[in-house]
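The values are calculated or read from the model by the stated rules, or taken from the named source; none is laboratory data. Since the structure is predicted, the reported quantities are computational estimates derived from the model, not experimental observations. Cβ sites come from the backbone with ideal geometry, for glycine too, and all protein chains shown count toward neighbours. These accessible areas exclude ligands, DNA and RNA; they are computed on the full protein's heavy atoms, side chains included. Shrake-Rupley method; radii C 1.70, N 1.55, O 1.52, S 1.80 Å.
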Amino acid sequence: MQTKFYCLFLILFSFISMHSTAALPATDAQGKVLPSLAPMLQKVNSAVVNIATFSNAQVAQNPLMNDPFFKRFFDAPNSRQRPQQRSSSAGSGVIVDAARGVVITNYHVIENADEIRVSLIDGRNFSAKLMGSDPDLDIAVLKIAAKDLTEIRLADSSRVRVGDFAVAIGNPFGLGQTVTTGIVSALGRSGLGLKGYENYIQTDASINPGNSGGALVDLAGRLIGINSAIIAPSGGNVGIGFAIPINMAKASLKQILQHGEVRRGQIGVSIQNITDELRQAFNLKNGQQGVLVTGVGDNTPAKRAGLRSGDIITSVDGANTNSVNRLRSQIGIKNIGDQVKLTVLREGRSKKFNMDVGNPQQFSNTNTSNNSGQLHSLLAGAAFKNSRSSRGVEVTNVTSNSVAAFNGLERGDLITRANKIKVNNLNDFKHALKRSDKALLLEIKRGKQMLLMVIR
């Protein structure tokens, strides 16, 4: 009995241990082979790379050096260029196409880099070319001119379940390739304020600085996600890490390889999350989830399909939709022209709508934004346009009983500052709104009065 308990303990420990299993024996006391991740890792490790980036930053100098007399007196170099200091940082990446040398990583790993170098586990080192990036998803695609590479198999991340074992591979703290194990702790994590499109896989496999861009694989060695972020209140790993599902990353990868950029489509609706007040107003059943449509743009796929303000979207292509971020991610992975099937709750009845994902440039006026729910959830129900004076953003419409109306916005308001940032146009407004998810500070001109409005 004790022997059976001992064997069971070793088997469980080998799968869930957060530490290396290299110290465990290959067999137990009876000579039976113990389970190990080593065979899988031998096939996968060579597909995970270390990424080093270098940038030339200008160094601040003494303002006296700008005085020509001072420079001549001290025989300082007569140059208008500031001295530069070379800085470096480290991250990880994954080879997804060995024949073409394609490597996928996080955008924040290579952001503002003047030089990118990729190191393989066999010691080879290559200069990398940036093929394109998707900052809203935090994905970048690199290419290296190398032979005899190993690529990793891509999983279907929609089939990943909470409780599945997961293995994180990367380059933490620049130490070199490191493997940690854990489980999938949660799925569909969003609202973290990290990037524009959030639908993260949460894992307790140890992820640390330098793991960004590395691989999160299942026990079969298939790539289920790209390690991207951690919650670290004490500055170190606390067992809460986040990875971008590979299905989302794959959609961006495909477009970058085809077009050099991501061309993300839309269906043309403004949306908001369902609050307790809205649940009561729409007589929704306890536990009913979905996303409320607060507006439908003219000449949009949603308008042509028959969607209306007040509809509640409950699923996309059969997958449940429970938040604004979830819906944006579900539509965001589609190519322009792809067809989607929405399940909608309208006046207590379930309806289905088929529509194409459209090109927003073809149905949106660049000077007008009706998708206020996508600008910010606290502005859902309001429409905006650039002011004629180019000194602010004008509120052109506020839907009754919407979040924007509840928060006090009125038609004709001129927003001149948002979150302490001066607003001259819609682009400035969008940039300023990204500074906060939970509250907005707006400076508004209403008639001849100036108002300071805090929206929470």
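Between L187 and L441, what FRET efficiency comes out of the Förster formula 1/(1 + (r/R0)^6) with R0 = 30 Å and r the beta carbon distance, rounded to 0.05? Kindly include the intermediate steps, with their values, before the conclusion.
Numbers: r = 34 Å, r/R0 = 1.12.
Computed FRET efficiency for L441 and L187: 0.35.
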Contour excess over end-to-end distance, with Cα ends at Q288 and N125 and 0.36 nm allotted per residue = 53.4 nm
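Run the accessible area of the stretch 103-195 with a 1.4 Å probe and give the carbon-and-sulfur part as a rounded percent. Show your work: numbers first, answer last.
Values: 2110 of 4550 Å².
Its accessible area is 46 percent carbon and sulfur atoms.
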Which value in nm describes the separation of the simple spin-label points at H259 and L175, placed 7 Å from the Cα toward the beta carbon?
-> 4.1 nm
Model label zone, K351; criterion: amide N under 19 Å from point 7 Å along Cα-to-beta-carbon; scope the stretch 280-302 | 282-285, 289-302
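Using the Cβ atoms and a cut-off under 11 Å, what net charge is assigned to the surroundings of V160, where Lys and Arg are +1 and Asp and Glu are -1? Present the calculation step by step, with values, prior to reporting the outcome.
Details: positive: R159, R161, R222; negative: D156, D164, D218.
Within the 11 Å Cβ shell, the charges total 0.
Would you mind working out the magnitude of the charge dipole of the stretch 252-351 relative to its Cα centre, with +1 at each Lys and Arg C-beta and -1 at each Asp and Glu C-beta, to the nearest 20 Debye? Let's see the in-between values first.
Working: 15 positive and 8 negative charges, 46 e Å.
For this selection, approximately 220 debye.
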Specify which residue in the list N227, G295, G260 is farthest towards the positive end of the charge dipole of the stretch 209-324, using unit charges on the beta carbon of Lys, Arg (+1) and Asp, Glu (-1), about the Cα centre.
-> G260
Sort F406, F282 by accessible area with a 1.4 Å probe, largest first.
-> F406, F282
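When the dipole is taken about the Cα centre of the stretch 182-287, and only Lys, Arg (+1) and Asp, Glu (-1) are charged at their Cβ, what size is it in debye, to the nearest 20?
Charge dipole, the stretch 182-287, about its Cα centre: 320 debye, nearest 20.
Report the rotationally averaged projected area of the stretch 110-234 based on its alpha-carbon convex hull, in square nanometres.
On the way: hull surface 34.4 nm².
Reported value for the Cα convex hull: 8.6 nm².
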Please report how far the C-alpha centroid of the stretch 187-217 lies from that of the stretch 147-182, rounded to the nearest whole angstrom.
-> 12 Å
Return one whole number: the accessible area per residue of the stretch 129-273 in Å², for a 1.4 Å probe.
-> 39 Å²
How big is the gap, in Å, between the Cα center of the stretch 393-440 and the Cα center of the stretch 100-128?
-> 40 Å
